[in-house]
Amino acid sequence: MRGAETPETMQDPSGKPVVTDTTSTILDRAAEAAVRATPDSLATRVRGLSDKTVAWIFIAPTILLLLAINIFPLIWAIQLSFTNYRANRPNEAVKNIGLSNYSRILNDADTWAAMQATAHFVLWTILLQTLIGFTLAYLIDRKFRGHAFWTTIILVPMMLSPAVVGNFWRFLYEPQIGLFAYVISFVTGIPPTEILMLSSVKLAPWAIIIVDTWMWTPYVMLICLAGLRSIPDYIYEAAEVDRASNWRQFWSITLPMALPFIMLAVLFRGIENFKMFDMVNLLTGGGPGSTTEVASITLKREAFEKWRTGFSSAFAIILFVAVFGLANIYVKVLNRVKSR
Amino acid sequence: MKSTLKVSLGLAAGLAASTAMTGASKAEDLTLCWAAWDPANALVELSKDFTAQTGIGMKFEFVPWTNYADRFLNELNSKGKLCDLIIGDSQWIGGSAENGHYVKLNDFFDKEGIKMSDFVDATVVGYSEWPKNTPNYWSLPAFGDVVGWTYRKDWFAKPEIQAAFKEKYGRDLAVPATFAELKDIAEFFQNREIDGKKVYGASIYTERGSEGVTMGVMDVLYSYGFKYDNPDKPYDMEGFVNSDKSVAGLEFYKSLYDCCTPPGASNSYMGEGIDAFKSGQVALHMNFAFTWPGLQKDESVGGDKVGFFANPAGPDGEKFAQLGGQGISVVSYSDNQDAALQYIKWFATTDVQKKWWSLGGFSCLKAVVEDPTFEASQPYAKTFLDSMAIVKDFWAEPSYASLLQASQKRFHDYVVAGQGTAKEALDGLVADWTEVFKDDGKI
């Protein structure tokens, strides 16, 4: 009924009347004018549409786009996963081979080795990023002098392209000229040429964890910071009145209230790192040997180097189901935590 | 008035004709696809003559080696029209012939009088024939290449180095005749200080992603007695791929990697090798011959400082080398096949091949490489000829990519990551390759 309100009339210093209409009233009037200007038949037709229909009209283009670029390829990949199809042999007959691709993948030691490498990478990066990210967020939230400047500095790695990060860390890790090797050498006394971060089977998995942690901890920090800032001050004030110690406040207020945000950050980083490709590919290419060959690198090799399209489709479906399933379970836990 | 009209009509006709011709030549512009490397620049220069002679413009699509196979095999598999001509890797020939990517050139060669016997035999088998050793030609040998070695001639010539080497090994420091000698030299130089700088023994192929470690390992294994399969029973690999001799060869390669490469050289291929040699890090350098003109010209390590030698012999005196190089083919999806064939005809002529060599392209035409002046034409020319005489190539089957990826994994796992034994690596390779051939229905 706001549109029916009469505009308030005031006078300007010269005494002329000035209409001080509210914004919503102007919009309502404009809408009415638009309806009046619309030909009767169309207006009737538009008015005849239900809200649900209008909603469908608005989301239809998005749904169509999603169907075309997400759902259709997914269904096609599922179909291909039951065949021996190879994209590099267009003239060869495509045979249906049932669950053969799935059984080969699940019984393949190399696939499990890739899954282990992925799990090692995902678990350690999440652990380190959450710990360091939350700690940084906690410190930044103290609002010390220059905290805005340091926040910006901390965020820089996250703003870089993974390709750039991969390339320059490759140089940093270089045992003959790399800064990283020299710093470690300076601290430990080990000659830099013996610090083979990308060539050593023991060190290479940690080399990629270090880079990913360096790059994405700021992201976790940002989410945690949002969580910390969302905690109302009066809760802490009440705790102060109750003479709760800082330690007690942290465990009873800060951590539980920031937990949904931390879990959200873990979910995002978990999904992202499960499909990590670019940075690992640039840093180690999966080597030395197959030490850092995470699932996405194996998948790329099967799909675009060996051209086993059917096989790689099955592998992609298995990965999709694994991520989707784990993410769903996680989201349910997250919702339970939020509702507490 | 009449003459003015005639002149006007003439001008109009000339203008129309020139416009039409421009349109026609644009329609016939050819796109040639190849790797982005020094020889490609030489080909751009060479192709200007083709455009001048025929009026057909040339465009080039060059992709770095690391993405070369991915990019162009994708293009061919999707029946793309980007490339009219392609200089594809030698191992692509089986797949490209069987999947219809390349135009078969037999009739064209017969019609134009191009004889395959005019080209170096190994390059015809390696780059043009499918099935191998049959007269079915899918490309014209375009760029001969082979793995060989460069060494620091100036370091070898230093009296104090020579004396130290003789004292340690009881022989003169010279170009190695066997792989065992090569390792001695690499060990000798490893961590040695020369001109106030620490240097290393050898740069060898260890790259994991594309084909590097396989090219390096195979280059050594052939001379140790490795065979792909039973000569009397194709695809029967047990006891050939994983023979005792092959195991010894693989163990040798690992020992060379462990003892004598620069720190961190665990993912080294052509580019990294060039960098290691040019920056004065290594005494010996394994690489394809295409790198030699650039190294020869290099200001800091070229000229008299660099020497070249073909693969040394294995324990039984056998000498083989890994074939590189490519042939030039007409893409069957091209709309400009006639013009593309015209380019191949032009490229096959002796004068063009001579100029190709002079610009840095490694010609495969016998008239060029068997010319009496050839050996003296460049410091590396004789090594190139010696190496081309002992080449062997990796599988060129349609499944070469799967076969290559299997060997990349097995070799890198053993040589660089040190996992398992050489015997286990080669046994595993036999199992992987057998599975590939079973999938293909060849076993």
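Brief remarks on what is shown
Rundown of residues vs (1) away from chain B (no Cβ under 12 Å); (2) surrounded by fewer than 19 Cβ atoms within 10 Å (Cβ to Cβ); (3) in a helix (DSSP H, G or I), yes/no style:
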| site | (1), (2), (3) |
| --- | --- |
| A:V165 | yes, no, yes |
| A:F168 | yes, yes, yes |
| A:P175 | no, no, no |
| A:V183 | yes, yes, yes |
| A:V187 | yes, yes, yes |
| A:A207 | no, no, yes |
| A:I223 | yes, no, yes |
| A:G227 | yes, no, yes |
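- Taking region B:342-363 as the range and being buried (at least 17 other Cβ atoms within 10 Å of the Cβ) and not in a helix (DSSP H, G or I) as the test, the residues that pass are B:A348, B:G360, B:G361, B:F362, B:S363.
- Counting only residues that are at pLDDT 95 or above and among the β-branched types (V, I, T), region B:16-53 holds 3 of them.
- When residues in region B:76-128 are screened for being away from chain A (no Cβ under 13 Å) and of a type in the set (S, T, N, Q), 5 of them pass.
- Any hit, region B:55-71, residues being within 14 Å of chain A (Cβ to nearest Cβ) and in contact with an Asp or Glu (Cβ under 7 Å, 6 or more places away or on another chain): yes
- Filtered by the rule that a residue be part of a helix (DSSP H, G or I) and among the polar types (S, T, N, Q), region B:328-341 gives a lone residue, B:Q337.
- Residue satisfying condition, being closer than 30 Å to B:K438 by Cα, more than 14 Å from chain B (Cβ to nearest Cβ) and surrounded by fewer than 20 Cβ atoms within 10 Å (Cβ to Cβ), within set A:I253, A:I318, A:I329: A:I318
- Subset of region B:332-351 [in contact with a Ser or Thr (Cβ under 9 Å, 6 or more places away or on another chain) and aliphatic (A, V, I, L, M)]: B:A339, B:A340, B:I344
- Residue within region B:181-197 that is crowded, with 24+ Cβ neighbours inside 10 Å, in a strand (DSSP E or B) and either modelled with pLDDT of 95 or more or of a type outside the set (G, A, S) (or both) present: no
- Top-ranked residue of region B:391-428 - restricted to ones that are within 18 Å of the chain's Cα centre (by Cα) and over 15 Å from B:V217 (Cα atoms), ranked as nearest to the other protein chains (Cβ to nearest Cβ): B:A401
- Residue in region A:133-142 that is within 14 Å of another protein chain (Cβ to nearest Cβ), in contact (Cβ under 8 Å) with a residue 60 or more places away in the chain and either in a helix (DSSP H, G or I) or on the phi < 0 side of the Ramachandran plot (or both) present: no
- Test result for B:I161, more than 30 Å from B:G317 (Cα to Cα) and of a type in the set (V, I, T): no
- Residue within region A:103-121 that is closer than 30 Å to A:I262 by Cβ, of a type in the set (A, V, I, L, M, F, W, C) and touching a Phe, Trp or Tyr at 6+ places or on another chain (Cβ under 8 Å) present: no
- Test result for B:Y169, in the same structural domain as B:A40 (by TED's automatic domain parsing) and among the aromatic types (F, W, Y): no
- Criterion violated by B:F309 - all others in (1) in contact (Cβ under 8 Å) with a residue 40 or more places away in the chain; (2) more than 17 Å from the chain's Cα centre (by Cα) satisfied: (2)
- Residue list for region B:280-289, filter: of a type outside the set (V, I, T) and within 14 Å of another protein chain (Cβ to nearest Cβ): B:G280, B:Q281
- Residue count for region B:237-254 under the criterion of being touching a strand residue (DSSP E or B) at 6+ places or on another chain (Cβ under 9 Å) and crowded, with 17+ Cβ neighbours inside 10 Å: the result is 2.
- Screening B:K366 against (1) surrounded by fewer than 19 Cβ atoms within 10 Å (Cβ to Cβ); (2) out of contact with any Asp or Glu (no Cβ under 8 Å at 6 or more places or on another chain) leaves a single unmet condition, (2).
- Region A:261-287: number of residues that are among the acidic types (D, E) and more than 14 Å from every other protein chain (Cβ to nearest Cβ): 1
- Among residues of region A:321-332 that are farther than 24 Å from A:I75 by Cβ, those with a Cβ under 6 angstrom from a residue that is surrounded by 13 or more Cβ atoms within 10 Å (Cβ to Cβ), sequence gap 6+ or separate chain, pair up as A:Y330/A:L267.
- Only residues that are in contact (Cβ under 8 Å) with a residue 40 or more places away in the chain, within 26 Å of B:V217 (Cα to Cα) and not in a loop (DSSP other than H, G, I, E, B) were counted across region B:126-158, and they come to 15.
- Test: A:T152 is assigned by TED's automatic domain parsing to the domain that holds A:P256 and crowded, with 18+ Cβ neighbours inside 10 Å: no
- Yes/no for B:A348 being closer than 20 Å to B:V147 by Cβ and among the small types (G, A, S): no
- Filtered by the rule that a residue be within 12 Å of chain B (Cβ to nearest Cβ), within 15 Å of B:D70 (Cβ to Cβ) and assigned to a helix (DSSP H, G or I), region A:288-311 gives A:I297, A:K300, A:R301, A:E302, A:A303, A:F304, A:T309.
- Taken over region A:189-204, the criterion of being of a type in the set (G, A, S) and within 8 Å of chain B (Cβ to nearest Cβ) is satisfied by A:S199 alone.
- From the options A:Y234, A:Y219, residue that is surrounded by fewer than 19 Cβ atoms within 10 Å (Cβ to Cβ), within 16 Å of the chain's Cα centre (by Cα) and either on the phi > 0 side of the Ramachandran plot or of a type outside the set (K, R) (or both): A:Y219
- Yes/no for B:S268 being surrounded by fewer than 24 Cβ atoms within 10 Å (Cβ to Cβ), among the polar types (S, T, N, Q) and under 26 Å from A:Y173 (Cβ atoms): no
- Scanning region A:103-122 for residues that are surrounded by 15 or more Cβ atoms within 10 Å (Cβ to Cβ) and over 24 Å from A:G270 (Cα atoms) turns up just one, A:R104.
- Filter result for A:R89 (charged (D, E, K, R), crowded, with 17+ Cβ neighbours inside 10 Å and within 14 Å of another protein chain (Cβ to nearest Cβ)): yes
The values are calculated or read from the model by the stated rules, or taken from the named source; none is laboratory data. The structure displayed is predicted, hence computed values, not measured ones. Quick reminder, even Gly has a Cβ in these numbers, built from the backbone with ideal geometry, and neighbours come from all protein chains shown.
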